[in-house]
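The values are calculated or read from the model by the stated rules, or taken from the named source; none is laboratory data. Since the model is a prediction, treat every value here as computed from it, not as a measurement. Counting neighbours? That spans all protein chains shown, and the Cβs are built from the backbone with ideal geometry, glycine included. When the accessible area is computed, the model is the full protein with side chains, heavy atoms only, and any ligands, DNA or RNA have been set aside. Shrake-Rupley method; radii C 1.70, N 1.55, O 1.52, S 1.80 Å.
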Amino acid sequence: MHELSVCQGMLRQVGAIAADHEARAVTGITVRIGPLSGVEPELLAQAFPIASAGTVADGADLIIETLPVRVHCETCGEDSDAAINRLLCGSCGDYHTRLISGDELLLASVEMDTEREPARA
Ligand SMILES: [Zn+2]
């Protein structure tokens, strides 16, 4: 499953962020995925408990936000939403478009438990 390795890569990023903040645990992770990223949100959600077991993010909530597909038209200059398999300009219908959003796979936010243990004398 491709999503498992995607998830493991994401968890390495999360682990580095948690270490930077001296977090005891990661409680929530938000990722943004575009429909053209090649990652299926459902499969990523299924892979997450497997990939996160035993890591600092074990038991964290995974929130997946999906992004729209947007294109910039080279002919009329308009930006518009497009269908996943038909990247046509929504304004003039031209196919000379450039993808501006939809292939992202972004780690949007990480919620952490950073409460320190009480210092012992
Ligand atoms: Zn256009």
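Of the residues making up the stretch 24-44, at least one is part of a loop (DSSP other than H, G, I, E, B), closer than 16 Å to ASP58 by Cβ and open to solvent by 20 Å² or more (accessible area, probe 1.4 Å). State whether one or more residues within the stretch 98-105 are out of contact with any Lys or Arg (no Cβ under 8 Å at 6 or more places or on another chain) and assigned to a strand (DSSP E or B). Yes; the residues of the stretch 98-105 include at least one that is out of contact with any Lys or Arg (no Cβ under 8 Å at 6 or more places or on another chain) and assigned to a strand (DSSP E or B). For the stretch 73-93, what are the residues that are surrounded by 12 or more Cβ atoms within 10 Å (Cβ to Cβ) and either near the ligand (Cβ under 6 Å from one of its atoms) or in a loop (DSSP other than H, G, I, E, B) (or both)? Once the filter is applied, which keeps residues that are surrounded by 12 or more Cβ atoms within 10 Å (Cβ to Cβ) and either near the ligand (Cβ under 6 Å from one of its atoms) or in a loop (DSSP other than H, G, I, E, B) (or both), the stretch 73-93 yields CYS73, GLU74, THR75, CYS76, GLU78, ALA82, LEU87, LEU88, CYS89, GLY90, SER91, CYS92. For LEU11, are the conditions met, namely being surrounded by 14 or more Cβ atoms within 10 Å (Cβ to Cβ) and either within 16 Å of the ligand (Cβ to nearest atom) or part of a strand (DSSP E or B) (or both)? Here the answer is no, as LEU11 does not meet what is asked. In the set ILE29, ILE33, ILE17, ILE63, only one residue is in contact (Cβ under 8 Å) with a residue 12 or more places away in the chain and over 27 Å from LEU99 (Cα atoms); that residue is ILE17.
Screening the candidates ILE17, ILE50, ILE63 for the property of being modelled with pLDDT of 95 or more and in a strand (DSSP E or B) yields one hit, ILE63. Applying the criterion of being of a type outside the set (A, V, I, L, M) and within 14 Å of the ligand (Cβ to nearest atom) to the residues of the stretch 47-72, the residue that is farthest from ARG24 (Cα to Cα) is HIS72.
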